[in-house]
There are 2 protein chains.
Amino acid sequence: MTSIKNNYQFEDMLDKHQLKKTAPRLRVLSMMYSKNTATSQPDLENVMHDIDRVTLYRILNVFEEKGIIHKVFDLNGTANYAVCHSDCEANHHHDEHVHFNCTVCKNVYCLNELSLPDITLPAGFKPESFTLYASGLCPKCNKKNLVK
Amino acid sequence: MTSIKNNYQFEDMLDKHQLKKTAPRLRVLSMMYSKNTATSQPDLENVMHDIDRVTLYRILNVFEEKGIIHKVFDLNGTANYAVCHSDCEANHHHDEHVHFNCTVCKNVYCLNELSLPDITLPAGFKPESFTLYASGLCPKCNKKNLVK
DNA sequence: ATCCTAAATGAAATATTGTTGCATTTATAT
DNA sequence: ATATAAATGCAACAATATTTCATTTAGGAT
């Protein structure tokens with residue numbers, strides 16, 4: 001179980017979005033906030049065997065709709081979800097940051113601290129959002145690589 | 001946009017990669033070169049009903065391995081493939097350009113002419129490749145939008 | 001505290017998407 | 001013209017995502 005303090009915060013988050021405070025949702029929230037990498041439905045399924053697959057899909061979907069998490073695809077095209085910054089609103093994400101996908105451990109990192117430089121597109125294109133995907137070695141796997 | 005190629009050129013491309021010049025491959029090549037947007041397996045299946053699903057998957061895979069095309073995921077996480085620049089090599093793509101995904105027509109454009117600005121990642125991350133993903137309105141849909 | 005209702009969950013069925021194995025066909029080098 | 005390695009087509013399979021519906025649960029009303 002997570003600390004009581006954290007759990008209250010998760011309950012507040014659900015309250016704020018008019019979502020019922022159910023056990024599966026709280027567990028998913030606490031798991032996602034405990035990691036610094038994105039989480040996929042398979043990730044959740046591996047850890048929470050007692051929660052139905054479908055429930056996990058639905059929780060991820062509703063969290064995304066409400067702007068609690070945002071979706072990012074990894075190198076294999078599977079959907080990963082990462083917790084959003086405070087400035088995310090429902091269906092209007094401010095996820096203009098850098099996503100890093102490690103080619104070894106496959107983890108997806110959201111590098112929120114980095115902002116994107118201005119990009120000018122060819123005439124006619126009207127962009128609404130940008131995301132930069134980088135792939136390579138994450139700090140952990142890079143370290144292991146050097147040691148070998 | 002894309003340069004128009006004739007059948008002889010497609011045959012040459014297959015030759016160069018030690019691939020047999022088969023009818024399905026030539027048809028896929030000609031279709032992909034006739035568009036300025038990326039192509040998915042469903043796209044191909046919709047047009048070429050007489051070619052087997054599996055064959056299309058395999059053609060896309062082998063073309064990607066050989067560096068003839070490169071893979072890019074659209075907003076829905078489905079794999080799209082676009083013809084590569086001349087400087088693509090097998091399994092070592094130079095696809096560090098901008099991909100634009102239209103939210104209306106769902107088409108994926110490869111904006112090869114744009115190059116990416118330098119990005120510095122947090123300490124420890126060792127990037128190998130970058131892709132910038134933009135979404136919004138493509139020129140066509142933007143135009144329609146203004147007219148309404 | 002108990003009851004009521006809408007929301008959420010769980011389980012089964014279905015749909016969609018991608019892969020594997022194998023028999024047949026085809027391109028191409030000899 | 002033939003041999004053979006590669007490519008195709010088909011069927012079965014596997015993995016992934018969605019739909020439907022009966023049951024359970026959270027949270028407000030009484």
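Derivation of every value follows stated rules applied to the coordinates shown; laboratory data play no part. Keep in mind the model is a prediction, meaning the values are calculated, not measured. Counting neighbours? That spans all protein chains shown, and the Cβs are built from the backbone with ideal geometry, glycine included.
Sorted fewest first by neighbouring Cβ atoms within 10 angstrom, A:12, A:118, B:74 come out as A:118, A:12, B:74. Cross-link partners for residue B:71 among the lysines, with Cα-Cα distance under 16 Å and sequence neighbours closer than 8 places in the same chain left out: B:35, B:106.
Residues whose amide H falls under 5 Å from that of residue B:73, counting only those 5 or more places apart or on a different chain, are B:80, with hydrogens built in the peptide plane. In terms of its alpha-carbon gyration tensor, chain A comes out oblate; a/c meets the 1.5 threshold, while b/c is at least as large as a/b. For chain A, modelled as a GNM whose springs connect Cα atoms under 10 angstrom apart, the maximal fluctuation among A:138, A:105, A:84 occurs at A:105.
Judged by the ratio a/c of the largest to the smallest principal axis of the C-alpha gyration tensor, segment B:30-72 counts as oblate, that ratio being 1.5 or greater while a/b is no larger than b/c. What separates the residue B:57 label point from its copies, with the point 7 Å along Cα to Cβ, is 1.9 nm, written shortest first.
Measuring nothing but how far apart in sequence close Cα pairs (under 8 Å, 6+ apart) lie, relative to its length, chain B scores a relative contact order of 17 percent. On the beta carbon distance between residue A:62 and residue B:16, with R0 = 45 Å, the FRET formula returns roughly 0.35. Whole-percent P(r), segment B:1-77, all Cα pairs, 10 Å bins from 0: 18, 54, 26, 2.
Entry note, chain B: the mean residue ellipticity at 222 nm calculated from DSSP H runs of n ≥ 4, each adding -39500 (n - 2.57), is -10500 deg cm²/dmol after division by the residues and rounding to the nearest 500. The amide H of residue B:104, built 1.01 Å from its N in the peptide plane, has B:138 as neighbours under 5 Å, considering only residues 5 or more places off or on other chains.
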